[in-house]
1. Quick check on A:Phe229: is it buried (at least 22 other Cβ atoms within 10 Å of the Cβ), among the aromatic types (Phe, Trp, Tyr) and within 21 Å of A:Glu41 (Cβ to Cβ)?
2. Quick one: count up the residues across region B:5-53 that are without any contact (Cβ under 8 Å) to a residue 12 or more places away in the chain, facing another protein chain (nearest Cβ under 7 Å) and surrounded by 14 or more Cβ atoms within 10 Å (Cβ to Cβ).
3. Name every residue in region A:89-109 that is part of a loop (DSSP other than H, G, I, E, B) and aromatic (Phe, Trp, Tyr), in order of residue number.
4. Report yes if A:Phe113 is closer than 19 Å to B:Ala21 by Cβ, touching a residue at least 24 places away in the same chain (Cβ under 8 Å) and within 11 Å of another protein chain (Cβ to nearest Cβ), otherwise no.
5. Against the conditions (1) farther than 25 Å from B:Tyr47 by Cα; (2) not in a loop (DSSP other than H, G, I, E, B), where does A:Leu225 fall short? Just the number, please.
6. A:Phe229 passes all but one of (1) aromatic (Phe, Trp, Tyr); (2) at pLDDT 95 or above; (3) more than 22 Å from the chain's Cα centre (by Cα); which number fails?
Amino acid sequence: MNIFRNVVFTAAAAGLLASVVMAGMQAVSTDPLILKAETYESVGGEPAHDHAAHDHGTAATDATAPAVSEAAPAASESAPVVAAHEHGEDEWAPQDGFERFVFNVLANLVSGFGFALILVAVSEFAGGISSWRSGLLWGFAGFAVFTLAPGLGLPPELPAMPAADLGARQVWWISTVAATAAGLALIAFRGTVVLSIVGVALIVAPHIVGAPQPASHESPIPPDLHHQFVVASTVTNLIFWVLLGGLVGALRSRFFGSSGLARNQLA
Amino acid sequence: MNTTSLTQVSSSSRTGQLLLAAFLGVFIVGVVGFSHLAVAHNAAHDYRHSMAFPCH
């Protein structure tokens, strides 16, 4: 299991470093926008819109967690297509402020390790990421697969925004990621015209099928706020992936030399 | 297992180990980003939004 151990080791080091940076970027870019958006769902009213996007009741006039969770039982009947926080309100949730920040960092660390495992393992099938420079390209590929492609059909969304059925969106998201990854791999590593065409078709197909969309895009969130969030989310993900790829390339060559992960110099 | 034997790692063992690592990664991302458990959702709520995972 030495290869497995080396993959885990490389992924842990690169993933944790990139995640710390990601958590820092989120704290100053996306998180404030999420908090701002929650004030719209807490207030529960939007002008000229019958279906209150997320009526938490009038008691909740600010975005603090206790107020939101107290108001939730009275507001369990929100319209399904625009239901924002319709589930999970009665369950445990981190307190706003420091605790919420800590859990966001933890989620980043754990899932950054997961993304790094995927990146390292998949790249080893293609011979491994041998330098930080080729790591940057792998990072761009990761960004295209996990952010750009699914984000075309399902742009980053804020709390209180209308959305289609969660399960359907998750299926589309996962299918799009898988198809885009397979398509890119065919183009990059097979090198025949026919397979390249198949690769492009795989990348395009999810967007012809189309992502599940809500019945109406009408939302209490100002378009400007949403636009800021789309840019912030996309750019932070780009930096995360490029950094992750570069770190994997740099650490792999530093720890394991040109022979790659198959030889364990740490054993 | 020493270094000499590692140079002769069979390709099927290598493939298996890499697949295992990849599946572990998919599982981890799946739990953090896609679990319907309310506790998992609430704990990773801001992260899911920031990563543009389908949320709510």
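The values are calculated or read from the model by the stated rules, or taken from the named source; none is laboratory data. Keep in mind it's a predicted model, so treat the numbers as computed, not measured. Cβ coordinates were reconstructed from backbone atoms using ideal geometry, including for glycine residues, and neighbour counts include every protein chain displayed.
1. On the way: buried (at least 22 other Cβ atoms within 10 Å of the Cβ): yes; among the aromatic types (Phe, Trp, Tyr): yes; within 21 Å of A:Glu41 (Cβ to Cβ): yes.
Against the criterion (buried (at least 22 other Cβ atoms within 10 Å of the Cβ), among the aromatic types (Phe, Trp, Tyr) and within 21 Å of A:Glu41 (Cβ to Cβ)), A:Phe229 qualifies.
2. Restricting attention to region B:5-53, the residues satisfying the condition of being without any contact (Cβ under 8 Å) to a residue 12 or more places away in the chain are B:5-31, B:35-40, B:42-43, B:45-46, B:49-50, B:52.
Those still in the list that are facing another protein chain (nearest Cβ under 7 Å) too: B:6-7, B:9, B:14, B:17-18, B:20-22, B:24-26, B:28-29, B:38-39, B:42-43, B:46, B:49-50, B:52.
Restricting the remaining residues to those that are surrounded by 14 or more Cβ atoms within 10 Å (Cβ to Cβ) gives B:6, B:9, B:14, B:17-18, B:20-22, B:24-26, B:28-29, B:38, B:42-43, B:46, B:49-50, B:52.
Of the residues in region B:5-53, 20 are without any contact (Cβ under 8 Å) to a residue 12 or more places away in the chain, facing another protein chain (nearest Cβ under 7 Å) and surrounded by 14 or more Cβ atoms within 10 Å (Cβ to Cβ).
3. Step one: filter region A:89-109 for residues part of a loop (DSSP other than H, G, I, E, B), giving A:89-97.
Matches in region A:89-109: A:Trp92 only.
4. Details: closer than 19 Å to B:Ala21 by Cβ: yes; touching a residue at least 24 places away in the same chain (Cβ under 8 Å): yes; within 11 Å of another protein chain (Cβ to nearest Cβ): yes.
Criteria met by A:Phe113.
5. Failing condition for A:Leu225: (1).
6. So the condition that A:Phe229 fails would be (3).
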